[in-house]
Structures are given as C-alpha cells and as structure tokens.
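First the structure, which I've put down as structure tokens, then a few questions once you've had a look.
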Amino acid sequence: MNMISEEMKLNRNDAKMDFFDVSNEGKLSKSEEDDAMIIDHERNVLEGYHLMDTVNMFDNRKYDEIQVECLDANDLKIPLAYKKDFKKEKLKKRKINGLNMEGNHIGQLGIDHKLDVFQNNTIKKPQTNSFNNFRNENIELYCICQKPDTGCWMIACDGCDNWYHGECVKIAKADEELLDKYFCSYSCTKKGKGYTIWKRKCRLSWCRKPASVSVSPPSKYCSKEHGVEYFKERLCYSILEKSEVAALARSVDSVEAFKCLGDSFPFEDESVMDSEILSLLKLINMQREEIYERLKQIEMRTIYINYAKDRAKKINEEIRADGSKKEICALDYRLSWDDDDWNAWVVSDDGKKIFNDGRLEGYDLMCIIEKRKCFKHNNWVAIKIEEMELEEIICRETLKKLRRQEKKIYKRQRRLKALDRENKCISIAHALE
C-alpha cells in the first residue's frame, strides 16, 4: 500500500513537472508563460464582464450597452491544472460590490454562460451618452426631442420663440404657408398664451396654399387658375353633360339665380289650373321665401357667434397677461335677442360696421362675471352654435317637404293634361267615324 501511494505521488509530481518545469532559477518555459498570459487575460475579461453587469442602469436612465466581439473559449488550449485554479479564481471574482453572484445572476450574463474572449484582447470603453456630448460641447438643443439642428425643417413658436421639428409636432413642410400663427401645445397653449391659427386652404383638394381671402372680392381659391381647375374636376363627377351645364348657366342672369335652379319646377301654363291649385302653389312659394330669409339670418348669427368667441378669447388672454388666473364669461347679450331686435340691429349703422370690420372690440353688451361663477351662461359658445345648426337642419328639411308637395301637384297636373289629350283624341276619332 505504501508503495502504491509512493508511486501515485511520483506520478503526480511527474504530471506537475510536465506543466511546471521549474529550473534552478525558478522560471517557466516559453509555452508555459504563454499559457499563464492567456489565463491572466481570461481573468481580466471575466472581471470586465462582471463590472459591466453591475453598472447601475437606473443612474439618470443613461446607460450605454457595451458591444464587444468575442471568440469561442473552446479555441483556447488551456492546461487542466490552470483550469482548476481558474475555476476557484472565477468564483472569487463573482463577488463584486457586495453582491453574491453565485446564485441567480442579475446581469446580462448567466452563471452557465460560456466565457467569451475579446478579439482585440481589450475591453472597449463604453460610449458616452450623445446628449451629454451635446451639452458638454455647448451645442444648442431644440424641440421636445432636445436634439441639435440637423438640417430638418423647423418651425418657431410665436409665444416662446423656441424652435420645433415639424416631424415632432406633426406639421408638414407642405403646410408651411397655411400657418398664420403657431403656438406650441406643450407650453404656450397650456399656459394660455395663444392658439395655433390656420389660414383657409385653397378649395382644390391637392393644393396646399392659402385661399385669397384678403383680396376684393375674397376668393375660395389661391388663384383664378385653381378656381377653373376645381370646377373642371367637379364636372367629371357630374351626372350632366358639359353642354347641359353650359345651357343651364346661360339660362340665368346672376349667380343667385343659378343657385336657385331646381328649387322650383319649370313654368307651367297656369291657365289650365284651377284657383285652388294656384293658391296652394303660391303658399308653397311664400313659405320657401320665408325659409330662405331665415337661412340668411342663421348664417349672420353664426358669423356673429364666431366674432363673440374671438373677442372672449382675446379679452381672457389680456387678463392672464396681467397676472390674473381668472377668466370672465364674455357672453355677448346680442346673441340672446329675438328675431325682431336682431334684424333691426343688423341693418343699423352699428351692426353694419361690425360685420364690415369682421371683429368685435371693447366690452359693450358683454357678461363680465367670472366664468366659473356664471352658471347661467355655462358653455355658451357650444350651445349657441348647436342652436344654429339645429335650426338650419329644420329649415333644410322643411324645404325638402315643400319641394315634394310641389312635385306632387305638378305631377298631378301633367297626368290630368295627358288624360285631357287622350280624351280629345278619342272624341276626334269618334267624330271621324
């Protein structure tokens, strides 16, 4: 037994001497020095991986991933004795910053993850945050994305003079000419400094230019050419031929008469109609004229509601500019007048001046109670607009009913005429017999 143990010791010592051929000077051979350098390198790599895993990812939410190129560890030929020592060293290195890494690994690398080695034999330095670079270099940042000027199209806020990328605020460069005033919704609009105002777009669907509303007379198109182009497109979808539309246009003397085409039936010979039918047709025409007048009043009231709304917004902005957080009701009492008072005021000098100027000024006939305390006029803008829209719908439906009644009357008259002609033909045939 002692001989066996002695033999095992000799074999073990021989195995060690195979890898650790220590001379009298205590130095390793060149191949063993290379192996030792590889193991030292692996230890550095392991330490670098664990340092990367323990980076605090919640430190100001600025963490840059370290991308490295690795080789397969199986390509390394490491002696067995060094592997055993390296395993012990590996367990020691896992305890970093007081965290026990022997259990469940909290980093990107698990405990069963294969050891990877950098191709360049160095650990690459983490890239610094791009925003920090901009701040450190004193580069001015813009927009809600806080990035520098990259050459993209930008728009300036009229309230705070900050610049914003069109892509970030959802405004296309093609709509640049349609903007009258721009206030950023992220700051100025919330603070009540103002609202974005758009110009009226040209009626042509694909045109992105503003309509010429400032010329006299105002136009719905950016140019005369686009006005002609618009009606050419409409004719393509019309059920009438171009020659028929031209004949209709030549049959009237004014634009208003052209708009009224189709409201009533063509002229019929009233000599063959009895008095009852004629009186019914006259009544229908009178009711139609009254509805047309009412539609004009609704249009005027709707325009005035917009004037009053713009004045209320402007006055409340002036109040907030003085440092007050309160808003007034700002209802215009003229919106509550009955039809007689309203019609008399519209034709007066005061009413004509307001509609010619296109705006309201001052505090005349306006509710100045604080908005949150004025329960009587709560949400008056939406209510007044809904009233006008509902009344317009009722008028349009009444016009349709009158047209149906008129159509029935004329249809009956045509049928009677056809019967009269048929009877005359029959009587003539009998007379010839």
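Kindly put CYS236, CYS329 in sequence by how many other C-beta atoms sit within 10 Å of each C-beta, fewest to most. Mind showing how you got there, number by number?
On the way: CYS236 7, CYS329 20.
Ranking CYS236, CYS329 by Cβ neighbours within 10 Å, fewest first, gives CYS236, CYS329.
Taking the Cβ-Cβ separation of LEU399 and LYS190 as r and a Förster radius of 51 Å, what is the calculated FRET efficiency to the nearest 0.05?
Working: r = 45 Å, r/R0 = 0.88.
That gives a FRET efficiency of 0.70.
Give me LYS190, LYS313, LYS384 ranked fewest to most by other Cβ atoms within 10 Å of their Cβ, as a rough exposure proxy. The partial results should precede the final answer.
Details: LYS190 10, LYS313 16, LYS384 21.
Ordered by Cβ neighbours within 10 Å, fewest first: LYS190, LYS313, LYS384.
For ASP175 paired with ASP253, estimate the spin-label separation in nm (one decimal), with each label point 7 Å from Cα along the Cα-to-Cβ line.
Modelled inter-label distance: 4.6 nm.
So which of LYS314/LYS373; LYS296/LYS373; LYS190/LYS220; LYS191/LYS326; LYS220/LYS400; LYS224/LYS352 end up more than 24 Å apart, counting from Cα to Cα?
On the way: LYS314/LYS373 20 Å; LYS296/LYS373 35 Å; LYS190/LYS220 32 Å; LYS191/LYS326 13 Å; LYS220/LYS400 28 Å; LYS224/LYS352 29 Å.
Where the Cα-Cα span goes over 24 Å, the pairs concerned are LYS296/LYS373; LYS190/LYS220; LYS220/LYS400; LYS224/LYS352.
Also, I was wondering about something else. Can you work out ³J(HN,Hα) from phi for every residue in segment 190-202, in order, using Karplus 6.51 cos²θ - 1.76 cosθ + 1.60 and θ = phi - 60°, giving whole Hz and x for Gly and Pro?
These are the phi-based 3J(HN,Hα) values: 5, 7, x, 6, x, 10, 5, 10, 9, 7, 5, 7, 4 Hz.
Set the Förster radius R0 to 41 Å, insert the Cβ-Cβ distance between GLU290 and VAL213 as r into 1/(1 + (r/R0)^6), and round the FRET efficiency to 0.05.
Working: r = 31 Å, r/R0 = 0.76.
The calculated FRET efficiency here is 0.85.
Still on this structure, please answer the following. Taking H placed 1.01 Å from N in the peptide plane, check which residues at least 5 places from LEU179 or on another chain put their amide H under 5 Å from its amide H.
LYS199
Still on this structure: Can you put PHE375, PHE258 in order of Cβ neighbours within 10 angstrom, beginning with the fewest? Please list the in-between numbers first.
Values: PHE375 8, PHE258 12.
Listing PHE375, PHE258 from fewest to most nearby Cβ atoms yields PHE375, PHE258.
Mean separation of Cα pairs under 8 Å and 6+ residues apart, divided by the residue count of segment 129-199: what relative contact order is that in percent? Intermediate values should be presented prior to the final figure.
Numbers: 81 pairs, mean separation 15.6, N = 71.
The value is 22 percent.
Further question: Tell me, what is the percent relative contact order of segment 277-433, built from C-alpha pairs under 8 Å that lie six or more residues apart?
Values: 88 pairs, mean separation 49.1, N = 157.
Normalised by residue count, the contact order of segment 277-433 is 31 percent.
Only Lys, Arg, Asp and Glu count, each charged at its Cβ (+1, +1, -1, -1), so figure out the dipole size of segment 270-431 about its Cα centre, rounded to 20 debye.
Working: 35 positive and 32 negative charges, 205 e Å.
Dipole size: approximately 980 debye.
Next question. Provide the gained length on full extension for the span CYS260 to ASP274, in nm with one decimal, where the gain is 0.36 nm per separating residue minus the Cα-Cα distance.
Working: separation 14, 0.36 × 14 = 5.04 nm, distance 2.66 nm.
This chain segment gains 2.4 nm when fully extended.
At a Förster distance of 60 Å, what's the computed FRET efficiency of ASP149 paired with ASP339, Cβ-Cβ distance as r, to 0.05? Please list the in-between numbers first.
Details: r = 58 Å, r/R0 = 0.97.
With R0 = 60 Å, the Cβ-Cβ based efficiency is 0.55.
Could you tell me which of ILE239, ILE284, THR302 has its Cα farthest along the dipole of segment 198-336 towards the positive end, charges placed at Cβ (Lys, Arg +1; Asp, Glu -1), taken about the Cα centre?
THR302
Taken together, the values in this text are just the output of simple stated rules run on the coordinates, not laboratory data. If you're wondering where the values come from, they're calculated on a predicted model, not measured in any experiment. Cβ sites come from the backbone with ideal geometry, for glycine too, and all protein chains shown count toward neighbours.
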